[in-house]
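Structure record follows, encoded as structure tokens.
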Amino acid sequence: MPHGLTFTRLADLSHPIGAGMPRWPGDPPVTFLEMACREEDGYDLRAFAMGEHGGTHVNAPGSFLPGGADVRAAAPWPLLLPLAVLDLRARAAADHGARCTQDDVLAWEEANGRVPRGCLFVCNTGWHGCGTSRNGSWESSGGAARRARSRTAMRFPSFTPDAVHLLVHARGARGIGIDTHGVDAPTTGNFCAIAWPWPPGGGGGMPGRAGWPARHRGARLAGPLPLCGGTGAPVMVTAFIP
């Protein structure tokens, strides 16, 4: 535990890894395969497989940016960051395509002070509690073309490029996050928030949270699986809430 970190409770913000876990159209499903059983081998053992961008996960810039950092460089261990939360629930309930804009960030600062340098800045849209009708699987099989067509029918809250630019370059945020399928709008062709040229020290997008703490700042959270060359990685997020 880092020196000086105090908290009153812990909160698990992650989706359980299983068959019903949120994932992008065309992404591989979560599968479990029995490799040993107690009756025959004296112990139980399963293998499992899933996509790097399924459920609660970190997206690395290398997912879209040639030569971009992999997940170990973008989110090095220990990933323990101050957390700042913008409440977008009212707008996201009325508009499934609502986006966090630069003006939203500036309004947050008017109420809460400057965005903390090195923080993870996230949007609480309320979608984590809406079930599969909103934040579900959107399952689709087939190649990239079908996957792309499926995305054009998807709508969920996200960030705008001007908000990302303000947060990363003007405020020095270490990452951005949201409790929907992605930090970019699903129809965005270049996925600029994930592929943004993050400053030295890493950074990236963190979509698919099961929910954010109600407190707007002061919590801490930690880390993704250290996949070598990972374009992303599942992450178990724990918030240390003051």
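Annotations for the structure displayed:
- Only one of the numbered conditions (1) at pLDDT below 90; (2) out of contact with any Gly (no Cβ under 7 Å at 6 or more places or on another chain); (3) open to solvent by less than 20 Å² (accessible area, probe 1.4 Å) is not met by Pro61, and that is (2).
- Scanning region 109-121 for residues that are open to solvent by less than 60 Å² (accessible area, probe 1.4 Å) and touching a residue at least 40 places away in the same chain (Cβ under 8 Å) gives Asn112, Val115, Pro116, Gly118, Cys119, Leu120, Phe121.
- Yes/no for Trp24 being aromatic (Phe, Trp, Tyr) and open to solvent by less than 70 Å² (accessible area, probe 1.4 Å): yes
The values are calculated or read from the model by the stated rules, or taken from the named source; none is laboratory data. It should be emphasised that the depicted structure is a prediction, and the values quoted were computed from it without experimental measurement. Neighbour counts are summed over all protein chains in view; Cβ atoms, including those assigned to glycine, are modelled from backbone coordinates with ideal geometry. Accessible surface areas use protein heavy atoms only, side chains included; no ligands, DNA or RNA. Shrake-Rupley method; radii C 1.70, N 1.55, O 1.52, S 1.80 Å.
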